[in-house]
Ligand code: TRP
């Protein structure tokens with residue numbers, strides 16, 4: 001035990017390692033897709049505010065605890081308090097969180113490795129070639145009229161996405177919940193919704209049969225239903241409408257649906273005029289391209305789906321990845337972790353810049369810029385604000401003692417503000433650069449920004465397949481950098497868990513790394529096989545409504561991290577001896593210290609509690625703050 005505790009080789013080494021922990025799948029995989037789902041600009045802005053008001057102060061708190069105690073999280077609290085203390089529970093929470101996060105982190109990182117190899121063997125090029133062939137077949141077998149109809153519908157749907165959302169946002173979410181319930185109830189009792197049919201007929205009645213065909217509106221339901229069906233409908237409606245509030249909500253929803261349909265018709269007609277001006281050749285070319293893209297999408301989607309449901313492949317890559325992580329952690333603080341980060345971090349930044357520069361020359365770059373940086377309140381929901389705060393924790397590696405652990409390998413008593421700000425800036429810059437590398441490609445190849453978790457594993461390969469020859473190189477770069485980012489984060493997760501056994505139980509570093517890494521890998525098999533239909537854990541899905549993987553990700557990022565962050569803020573704000581706190585901030589201006597105290601004592605805890613209340617369902621932000629987010633225009 002008397003053996004000298006390991007230290008970072010230099011200050012820069014510490015900052016790079018901490019930034020390496022922060023920059024990970026959270027930045028490149030998660031941030032772009034949640035930005036996409038939350039409509040871009042405003043979400044990004046709020047995320048930046050969360051980083052500044054909650055992220056940086058808690059980062060300082062964690063580094064402070066580690067530096068002052070020179071111990072990993074569980075041991076740190078009792079060291080600082082000079083006795084056994086309940087605060088040590090926060091450290092345990094962190095070990096559990098690290099264990100859980102790492103167990104699925106290696107699975108996603110493993111997919112990135114698999115895709116890097118797939119890129120090296122160039123799987124996208126054959127997909128590109130087959131799609132070419134299928135595109136030409138489509139071209140010779142389809143009439144221009146059919147093509148035009150398809151294109152009109154497609155364009156109109158795209159144009160309508162946000163306007164329709166704006167209309168629907170005029171009513172609170174609970175109105176739409178009631179409407180869903182209403183429709184399901186009718187459906188279940190096999191009653192036709194007469195009001196809806198009549199509305200559709202009325203909106204469309206002025207159009208000729210030719211127009212309807214051209215717009216693809218040929219399957220409008222017949223409003224002339226039998227007397228019997230009409231009575232059944234009236235009865236059902238009366239029965240459901242006994243509750244006055246419910247009836248009012250359905251009325252409201254129905255009148256909004258009418259607005260939507262009128263808008264839809266207008267848009268379809270407008271788009272038709274647009275296509276009327278195009279030549280036959282233009283239409284055929286465009287339709288062929290759309291079809292080809294759909295084929296590519298299908299094939300890429302199959303490829304990804306095949307990896308996710310193949311438990312053995314996922315497990316294999318997770319194991320390889322874990323092996324690398326164990327080797328680095330076993331190598332020690334400065335010769336393992338620090339050295340790796342010193343090499344990988346600059347490489348990562350360089351690779352991202354190459355990709356961003358490539359994106360800057362694509363048509364979609366302008367659209368991407370305005371998507372990421374132009375705030376548009378109509379695209380964000382109140383719950384998106386809370387998601388931004390939750391993500392601030394994940395992306396900065398906060399709330400589980402990773403920064404306590406990394407901070408504890410540093411003896412210096414100065415520079416805490418500068419270091420925290422630097423780490424946060426690096427992390428944020430890379431998250432934003434990741435958006436600027438992904439969205440230009442997504443928009444240039446007409447992909448959906450809100451594609452969800454598959455954004456990186458489906459939409460990007462799709463774009464690479466479209467690019468054809470050069471796509472292979474970009475794909476290797478892209479997935480390679482994803483792997484690098486994941487490695488420097490995963491080592492911090494393992495370090496938190498392993499350091500307990502090193503600091504408290506006096507294990508040798510090698511033994512701790514190999515043992516804990518091995519155990520976490522075994523636990524991670526649950527995530528690797530989560531979507532494999534041949535595996536027992538798939539029974540998890542029916543009983544919990546989602547798969548094992550998603551369940552533990554949700555648990556860790558939505559519960560463990562915010563809770564850990566809350567306690568850490570409360571500890572440095574209220575529990576930590578003043579003398580120790582001040583010793584860490586001798587170089588900080590008094591006004592800054594006061595501001596920071598205000599943040600960790602009140603603001604950050606309050607915000608985190610709001611997030612947690614939303615998670616438990618005590619508070620429904622979308623319902624409560626509906627009026628703020630949807631001011632009438
Ligand atoms: N911050 C990393 C990312 O963005 C993930 C991570 C590493 C992490 N260590 C952590 C998250 C500790 C929370 C706590 O991918």
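May I ask you to list the residues in the range 71-121 that are within 13 Å of residue 493 (Cα to Cα) and in a loop (DSSP other than H, G, I, E, B)? Result: 72, single match.
Pairs linking a residue in the range 9-25 that is closer than 11 Å to residue 406 by Cα to a residue that is more than 9 Å from the ligand (Cβ to nearest atom) and not in a helix (DSSP H, G or I), with Cβ atoms under 6 Å and 6 or more positions apart or on different chains, are 14/8; 14/410. Please tell me if residue 386 is within 17 Å of residue 430 (Cα to Cα), more than 16 Å from the ligand (Cβ to nearest atom) and either modelled with pLDDT of 90 or more or under 21 Å from the mean Cα position of the chain (by Cα) (or both). No: the conditions fail for residue 386.
Please report, ordered by residue number, the helices (runs of 4 or more DSSP H) entirely within the range 11-51 with at least 3 residues that are within 15 Å of the ligand (Cβ to nearest atom) and crowded, with 24+ Cβ neighbours inside 10 Å. Counting at least 3 such residues, we get 11-22, 31-37.
Of the residues making up the range 452-463, one or more are away from the ligand (no atom under 15 Å from the Cβ), within 21 Å of the chain's Cα centre (by Cα) and not in a helix (DSSP H, G or I).
Matching residues to (1) part of a helix (DSSP H, G or I); (2) modelled with pLDDT under 90; (3) away from the ligand (no atom under 16 Å from the Cβ):
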| position | (1), (2), (3) |
| --- | --- |
| 477 | yes, yes, yes |
| 485 | yes, no, no |
| 494 | yes, no, no |
| 505 | no, no, yes |
| 538 | yes, yes, yes |
| 541 | yes, yes, yes |
| 564 | yes, no, no |
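Answer with yes or no whether residue 442 is under 18 Å from the mean Cα position of the chain (by Cα), in contact (Cβ under 8 Å) with a residue 24 or more places away in the chain, away from the ligand (no atom under 16 Å from the Cβ) and surrounded by 20 or more Cβ atoms within 10 Å (Cβ to Cβ). Quick ask: steps written out before the conclusion?
Numbers: under 18 Å from the mean Cα position of the chain (by Cα): yes; in contact (Cβ under 8 Å) with a residue 24 or more places away in the chain: yes; away from the ligand (no atom under 16 Å from the Cβ): yes; surrounded by 20 or more Cβ atoms within 10 Å (Cβ to Cβ): yes.
Yes.
Just to be sure I understand, how many residues within the range 410-438 are more than 26 Å from residue 449 (Cβ to Cβ) and either surrounded by fewer than 24 Cβ atoms within 10 Å (Cβ to Cβ) or more than 15 Å from the ligand (Cβ to nearest atom) (or both)? If you could, list the steps in order and put the result at the bottom.
Residues of the range 410-438 more than 26 Å from residue 449 (Cβ to Cβ): 410-423.
Add one more test, that the residue is either surrounded by fewer than 24 Cβ atoms within 10 Å (Cβ to Cβ) or more than 15 Å from the ligand (Cβ to nearest atom) (or both), and what stays is 410-419, 421-422.
Number of matching residues: 12.
Matching residues to (1) in contact (Cβ under 8 Å) with a residue 12 or more places away in the chain; (2) within 16 Å of the ligand (Cβ to nearest atom):
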{"residue": "58", "(1), (2)": "yes, yes"}
{"residue": "63", "(1), (2)": "yes, yes"}
{"residue": "78", "(1), (2)": "no, no"}
{"residue": "91", "(1), (2)": "yes, yes"}
{"residue": "104", "(1), (2)": "yes, yes"}
{"residue": "124", "(1), (2)": "yes, no"}
{"residue": "128", "(1), (2)": "yes, no"}
{"residue": "133", "(1), (2)": "no, no"}
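Checked against (1) out of contact with any helix residue (DSSP H, G or I) (no Cβ under 7 Å at 6 or more places or on another chain); (2) at pLDDT 95 or above, residue 421 passes all but condition (1). Scanning the range 445-475 for residues that are surrounded by fewer than 20 Cβ atoms within 10 Å (Cβ to Cβ) and at pLDDT 80 or above returns a single hit, 473.
The values are calculated or read from the model by the stated rules, or taken from the named source; none is laboratory data. Because the structure is a prediction, the values reported are computed rather than measured. Positions of Cβ are generated from backbone atoms using ideal geometry, with glycine treated the same way; all protein chains shown enter the neighbour counts.
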